[in-house]
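In what follows, a structure is listed as structure tokens, so that the remarks can point back to it.
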Amino acid sequence: QLQLVESGGGLVQPGGSLMLSCAVSGAALGNYAIGWFRQAPGKEREGVSCIRAWTKYDNSVKDRFAISKDIGKNTVYLRMNSLKPEDTAVYYCAAYRTRQDMCLLNPGRYDDWGQGTQVTVSS
């Protein structure tokens with residue numbers, strides 16, 4: 001079982017940027033797909049972006065967010081630019097083991113989850 005720890009959340013003004021980090025322990029990143037998800041109050045958890053060999057983005061964040069990974073640090077990052085109030089949510093990273101190059105943005109596919117980090121976009 002993997003352990004995932006998110007960090008980097010906070011309060012930012014509209015149009016601002018944040019970098020979230022997901023530190024992974026318990027196994028090497030190379031055998032796993034890592035996804036970022038978010039959940040706003042009263043809403044279902046939704047997929048934001050994921051990475052395995054390739055990356056995938058939800059249309060709502062495409063061209064604004066960028067996912068990347070550092071194999072040596074076993075860490076996945078989510079760079080968030082041009083933030084909007086509707087990006088406000090708790091952001092979670094999650095993992096599942098796979099040999100497929102493409103990852104999935106279906107939360108039900110993921111086996112291990114972090115505790116989440118709050119992102120608030122407000123003036």
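Some observations on this one:
- Ligands, DNA and RNA excluded, the heavy atoms of L11 present near 130 Å² of accessible surface to a 1.4 Å solvent probe.
- With viscosity 0.692 mPa s and temperature 37 °C, the Kirkwood radius over alpha carbon pairs of the chain converts through Stokes-Einstein to a diffusion coefficient of 232 µm²/s.
- Sequentially through region 5-20, phi angles give Karplus couplings (6.51, -1.76, 1.60; θ = phi - 60°) of 10, 8, 8, x, x, x, 9, 9, 7, x, x, x, 10, 9, 10, 8 Hz, Gly and Pro residues having no value and appearing as x.
- For region 61-123, the solvent-accessible area works out to 53 Å² per residue, with a probe of 1.4 Å and every protein chain left in place.
- Residue among G35, G15, G72 with the largest mean-square fluctuation in a Gaussian network model of the chain, springs linking Cα atoms under 10 Å: G72
- Given charges at beta-carbon only (K, R positive; D, E negative), |dipole| of the chain in Debye: 200 debye
- Reachable aspartates and glutamates, given that their alpha-carbon falls under 19 Å from the alpha-carbon of K84 and they are not under 8 places away in the same chain: E44, E46, D58, D63
- Normalised contact order of region 31-123, rounded percent, pairs of Cα under 8 Å and 6 or more residues apart: 36 percent
- Among the protein heavy atoms of the chain, carbon and sulfur supply 46% of the accessible surface, probe 1.4 Å, non-protein parts ignored.
The values are calculated or read from the model by the stated rules, or taken from the named source; none is laboratory data. Just so you know, these numbers come straight off a predicted model, no measurement behind them. Cβ coordinates were reconstructed from backbone atoms using ideal geometry, including for glycine residues, and neighbour counts include every protein chain displayed. Please note that ligands, DNA and RNA were not included when accessible areas were found on the heavy atoms of the full protein model with its side chains. Shrake-Rupley method; radii C 1.70, N 1.55, O 1.52, S 1.80 Å.
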